[in-house]
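Below: the structure, in C-alpha cells.
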Amino acid sequence: MKMIALIAHDKKKSEMLEFVGHHKDLLKNFDLVATHTTGKLINDTFNLNVQTMMSGPMGGDQQIGALVATDKVDYVIFLRDPLTSQPHEPDINALLRLCDVHNIPLATNRKSAHILLEYAAKKLGEESVAKV
C-alpha cells in the first residue's frame, strides 16, 4: 500500500484537519504517517490509524525524512506556515530537499495538496485496474 506523510505547522493544524476531513474516504486507501501532534489530531478526529512520529521540533521531520530516503513514503503533504519562524527550520529544509532528491511529490499548501491527492487517486485507480 502506498504511504502518505502528513505534516502541519501549528498555525496550519486546523487547515490540515479540514483537508483530511474533505479527503478522508480517499485517505483510507493509504498508509498514513505524521508528525506527533498532527497525527494525534487526525487520529482523534477521524480514526484513520495514522502512524505517528515524534513532533517536528523533536525530530519528527527527520524521521519522516528517513522514510522518504528509504523509499517508504510515496507522497508528502506538509502544510507549512511561511509567515512564522520555525526553530527547526534546518530539519524542515532537509525534509524538503530529500523529497527533491528522491523525486517524491511534495505539497506545501492546501491547493497543491488537493492536486497531489487527485494524482494519487488516479495512480491508485490505475494500480487496482492493473491487478485485475
Practice task
Using a/c under 1.5 as the rounded threshold, could you call region 1-80 rounded, prolate or oblate? The axes a ≥ b ≥ c are square roots of the C-alpha gyration tensor eigenvalues, and prolate needs a/b larger than b/c, oblate otherwise.
Solution key: oblate
Practice task
Let me have the relative contact order for the chain, percent, based on Cα pairs under 8 Å that are six or more residues apart.
Solution key: 25
Problem - From phi via Karplus (6.51, -1.76, 1.60), per-residue ³J(HN,Hα) for region 37-49 in Hz, x at Gly/Pro - result: 5, 4, x, 5, 4, 5, 4, 5, 7, 10, 6, 9, 6
Handout entry: Spacing of the two label points (7 Å from each Cα toward its C-beta) at LYS11 and LYS111, in nm
Key = 1.9
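ASN43 to ASP71: extension gain in nm, 0.36 nm per residue of separation minus the Cα-Cα distance?
Going from the current span to full extension adds 7.7 nm.
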Problem - Per residue convex hull volume, Cα atoms of region 29-132, in Å³ - result: 112
Practice task
Report the extension gain between GLN51 and HIS22 in nm, rounded to one decimal, defined as 0.36 nm multiplied by the number of residues separating them, less their alpha carbon distance.
Solution key: 8.5 nm
Completion exercise
Burial-style ranking of 46-54, 1-9, average other-beta-carbon count within 10 Å with highest first, yields 1-9, 46-54
Completion exercise
Rounded to the nearest 5, the percent of DSSP beta bridges in the chain running antiparallel is 0
Problem - Most to least packed among 34-42, 62-70, 107-115, 21-29 [average Cβ atoms within 10 Å] - result: 34-42, 62-70, 107-115, 21-29
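222 nm [θ] for the chain, helices only, -39500 (n - 2.57) per DSSP H run of 4+, per residue, to 500?
-17500 deg cm²/dmol
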Exercise for the section: Determine the gain in length on full extension of the stretch SER85-LYS2; use 0.36 nm per residue of separation and subtract their C-alpha separation, reporting nm with one decimal. Expected result: 26.7 nm
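We did not get these values from a lab; they are worked out from the coordinates using the rules stated. This structure is a prediction, so every number in the text was calculated from the model and none was measured. Quick reminder, even Gly has a Cβ in these numbers, built from the backbone with ideal geometry, and neighbours come from all protein chains shown.
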